[in-house]
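Only one structure is covered here, and it is reproduced in the block below.
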Amino acid sequence: MVAHDLAGRGVRDPRVLAAMEAVPREEFVGLAHRDHAYADRALPIEDGQTISQPFVVAFMIEALDMPADGTALEIGTGSGYAAAVLSLVCARVVTVERIARLAGRAAERLARLGYADVEVHLGDGTLGWPPDAPYDGIVATAGGPSVPEALVGQLAPGGFLVMPVGPLGAQHLVRVRRVDDGRPGEDPTYEQDELGGVAFVPLIGAQGWPA
Ligand code: SAM
């Protein structure tokens with residue numbers, strides 16, 4: 001999978017490729033899907049949600065360009081798989097999930113597998129997670145109608161935010177970079193680019209889609 005579907009399709013960052021190789025995806029899917037754990041496609045998890053396609057996980061984490069000593073915020077813990085991968089390319093991951101059962105299971109799974117640098121929280125991730133802000137990188141693994149202002153506001157100077165934006169089922173991947181140096185009294189400035197088409201489950205919350 002790593003050689004063919006990730007490196008073979010353009011993922012270059014050796015830290016991301018090593019992390020994708022290290023995390024056992026079969027541990028993050030149900031028994032019925034284990035035979036397909038290394039197929040390059042999204043798979044169903046509980047509560048009508050999905051574990052994302054490996055290429056997309058790697059592509060989004062590469063786009064974050066996380067500093068090795070940085071803290072990342074992930075919105076949409078799901079199975080915990082992407083958080084586990086992300087935790088191997090930076091120092092600490094804070095991840096927020098709105099469905100209690102998923103958050104509980106992911107926290108248990110990540111602890112059992114030894115991913116001690118991941119903290120799972122239950123909440124509306126469209127509001128970010130203010131107690132640990134600012135973050136060196138923010139990734140949302142569900143698609144919203146627009147980039148939530150709360151998330152942009154929790155980005156550290158120089159940090160990237162990567163998330164799917166657009167109509168349900170057919171979004172484009174947006175990357176926002178905070179380019180200012182964070183000096184007091186100066187308004188932050190941001191740059192935005194688009195990284196291609198994706199299809200994610202909806203980001204539901206105060207600054208996302210209605211439930
Ligand atoms: N990153 C996950 C993984 O590796 O398994 C896949 C995430 S799945 C594609 C999207 C997740 O986002 C779902 O678990 C969904 O419940 C969650 N979600 C949707 N809206 C959310 C919100 N406002 N805050 C937190 N999580 C949200």
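Every read-out reported here was derived from the displayed coordinates using simple, explicitly stated rules and does not represent laboratory data. Keep in mind the model is a prediction, meaning the values are calculated, not measured. Because the Cβ atoms are built from the backbone with ideal geometry, glycine has one as well, and the counts that use them run over all protein chains shown.
Could you please state, rounded to a whole Å, how far the C-alpha centre of region 34-48 is from the C-alpha centre of region 124-185?
26
Compactness ratio of the chain: Cα Rg over 2.2 N^0.38 Å, N = residue count?
Normalised Rg, Cα atoms only: 0.94.
Based on the mean of other Cβ atoms within 10 Å per residue, sort peptides 176-186, 146-156 so the most packed one is first.
146-156, 176-186
Write down, largest first, the equivalent ellipsoid semi-axes of region 75-155 in whole Å, where each equals the square root of 5 times an eigenvalue of the alpha-carbon gyration tensor.
Equivalent-ellipsoid dimensions as semi-axes: 20, 14, 10 Å.
Placing +1 at every Lys and Arg Cβ and -1 at every Asp and Glu Cβ, with all other atoms neutral, what dipole size does region 2-198 have around its Cα centre, in debye to the nearest 20?
Computed charge dipole of region 2-198: roughly 480 debye.
Counting Lys and Arg as +1 and Asp and Glu as -1, what is the net charge of the other residues whose Cβ lies under 9 Å from the Cβ of residue 155?
Here the charged neighbours net out to +1.
Restricting to DSSP H runs of at least four residues, report the calculated mean residue ellipticity at 222 nm for the chain, -39500 (n - 2.57) per run over all residues, nearest 500 deg cm²/dmol.
That comes out to -6000 deg cm²/dmol.
Report the local net charge at residue 88: Lys and Arg +1, Asp and Glu -1, summed over other residues whose C-beta lies under 14 Å from its C-beta.
Net charge around residue 88: -3.
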